[in-house]
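**Q** There's a structure below that I have some questions on.
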Amino acid sequence: MKLPTFLLLLFSLSLAQECPSGAIPNSDSTKCFHLIPTKADFVVADQTCRLIGGNLASIGNSADNNLIQNMFFQWKLVDESLTRAWIGGNNLLTYGDWKWTDGELFDYVGFDSRKPKILGFNCLSIEAGPWMPTECFKKQPFVCSTKLQKPANCSGSHY
């Protein structure tokens, strides 16, 4: 193998990243989505995500939306009591001005446009369908996102 090809292969291996067991990578492989089946209100869910080094999930495109919906659907096959899960969208500071808890731009929207705006439903849930504004004190599972972790360096020469 020529040296430039070997260096390119070695460099690409060093950039490889992976999600922990039970989590899935997002569409551009920059973060991992974790469905946490423990039921909590929005604030506790957000704090729990921060404890594992992440945030409640922000969804920036339809591919990530589909990934989370599919992940939730698979969990629902195991536990039919799961109806919705928290994601990081909320309008707690200003009603109608939706923000993500991780500071990402709120430029992709997965709401059902037919749903009425109801005062007091300030936090977003996801299910197998459109996003649902929900009362923040409701206890339900949640989806965290964390940055992808680089795998540990291999030691020795096993190549």
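**Q** Taking Rh as the Kirkwood radius computed over C-alpha pairs, what is the Stokes-Einstein D of the range 33-147 at 4 °C in a medium of viscosity 1.567 mPa s, expressed in µm² per second?
**A** Details: Rh = 13.8 Å.
D = 94 µm²/s.
**Q** Please compute the Kirkwood hydrodynamic radius of the range 19-74 from all pairs of different C-alpha atoms, in Å with one decimal. Can you show the working numbers first?
**A** Values: mean 1/r = 0.0842 Å⁻¹.
Over the range 19-74, the inverse of the mean reciprocal pair distance is 11.9 Å.
**Q** Shifting gears a bit: In whole angstrom, note down how far apart the Cα centers of the range 57-95 and the range 119-144 are.
**A** What the calculation gives is 8 Å, centre to centre.
**Q** Determine which residues of the range 25-39 fall in the zone a paramagnetic label at Leu51 would reach in this model, i.e. backbone nitrogen under 14 Å from the point 7 Å along Cα→Cβ.
**A** Under cut-off, by backbone N: 36-39.
**Q** Quick check: residue separation of Thr83 and Phe137 times 0.36 nm, minus the Cα distance between them. What number comes out in nm?
**A** Values: separation 54, 0.36 × 54 = 19.44 nm, distance 1.54 nm.
Extra length available between Thr83 and Phe137 comes to 17.9 nm.
**Q** How many lysine pairs does the range 33-147 hold where the Cα atoms are under 24 Å apart and the two sit 8 or more places apart or on different chains?
**A** Going through the range 33-147 pair by pair, I get 17.
Any read-out appearing in this document is the output of simple, stated calculations on the displayed coordinates, not a laboratory observation. Treat the numbers as computed from the prediction; the structure is a model and nothing was measured. Every residue, glycine among them, receives a Cβ derived from its backbone with ideal geometry; neighbour counts consider all protein chains shown.
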